[in-house]
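One structure is given here, and the rest of the page talks about it.
The values are calculated or read from the model by the stated rules, or taken from the named source; none is laboratory data. For clarity, every value in this text was computed on a predicted model and none was experimentally measured. When we count neighbours, we look across all protein chains shown, and the Cβ atoms used for this are built from the backbone with ideal geometry, even at glycine. Each accessible area value is taken on the protein alone, full model and side chains, heavy atoms only, with ligands, DNA and RNA left out. Shrake-Rupley method; radii C 1.70, N 1.55, O 1.52, S 1.80 Å.
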Amino acid sequence: MEPQVKKASMIVPVPMLRFDNPALAGNVIRLEHDVATVGRRDDNGYVVPDPGVSRVHAELRKMASSVFVTDLGSSGGTKVNGVAIEGQTALKHGDRVSFGQATATFEDPAAAAQLEDTTMVFSQPQIQTGPRLSPRQQQVLELIAEGMTNAAIGEELGITERTVKAYAQELYDKLGVRNRAGAVAEAWTCGLLGDDKPAGGVTGART
């Protein structure tokens with residue numbers, strides 16, 4: 001019988017910015033506010049602690065199912081896919097967003113799920129009902145949804161990063177997706193993240 005693990009709080013799949021330049025590698029900003037500023041100063045809604053980022057650099061605004069970025073006269077400028085923006089600019093899943101030299105990938109779980117449906121229709125059968133997960137798989141899924149790296153998940157659960165990667169691949173296989181964003185979106189659709197998840201996690205086949 002697998003050991004009980006503590007549950008993460010309910011996770012709502014929201015868009016996020018995942019930074020990958022050396023100074024900020026692994027940092028993830030979950031875009032939970034309807035409107036918030038991005039900048040180096042601590043009173044911003046989203047703080048980016050990079051010397052090349054202005055104290056108040058840009059604004060991120062969620063409207064309907066879209067996220068828009070607006071530069072606020074920053075010294076380093078704001079770019080989307082290498083092009084300096086002027087005025088309010090809509091972001092698409094996979095866009096590269098730069099605040100000065102701090103660059104992140106914009107990830108939209110809902111859009112990623114739609115892309116998965118389009119690209120996988122001939123390669124894998126679509127999942128009609130939620131799969132049954134072991135308690136450990138459920139825990140890894142919830143921590144992935146929080147935006148934690150494999151290394152951070154391993155530290156949280158007391159397992160190796162290699163083991164976390166193995167659990168993640170099992171999740172991708174069970175959910176019929178290819179990446180983290182798709183896994184979070186599909187899990188939310190299946191009721192594996194949220195109030196309708198059975199108490200104590202979803203049980204099933206052992207891993």
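Criterion first (modelled with pLDDT under 90, in a helix (DSSP H, G or I) and out of contact with any Ser or Thr (no Cβ under 6 Å at 6 or more places or on another chain)) does Asp196 satisfy it? Criteria not met by Asp196. What tally of residues in segment 28-45 results from selecting those that are open to solvent by 60 Å² or more (accessible area, probe 1.4 Å) and in contact with a Lys or Arg (Cβ under 8 Å, 6 or more places away or on another chain)? Total satisfying the criteria: 5.
A count restricted to segment 140-179 and to residues that are closer than 24 Å to Ser65 by Cβ, open to solvent by less than 50 Å² (accessible area, probe 1.4 Å) and not β-branched (Val, Ile, Thr) stands at 6.
Only a single item in (1) among the aliphatic types (A, V, I, L, M); (2) open to solvent by 20 Å² or more (accessible area, probe 1.4 Å); (3) touching a Lys or Arg at 6+ places or on another chain (Cβ under 8 Å) is not met by Val48, and it is number (2). Checking each residue in segment 46-73 for being within 20 Å of the chain's Cα centre (by Cα) and either modelled with pLDDT of 95 or more or in a strand (DSSP E or B) (or both) picks out Tyr46, Val47, Glu59, Leu60, Arg61, Lys62, Met63, Ser66, Val67, Phe68, Val69. Which of the residues belonging to segment 19-32 are assigned to a loop (DSSP other than H, G, I, E, B) and touching a Phe, Trp or Tyr at 6+ places or on another chain (Cβ under 8 Å)? Listed by number, the residues that qualify are Ala25, Gly26, Asn27, Leu31. Taken as a whole, the structure places Gly94 among residues that are at positive phi, touching a residue at least 12 places away in the same chain (Cβ under 8 Å) and open to solvent by 20 Å² or more (accessible area, probe 1.4 Å).
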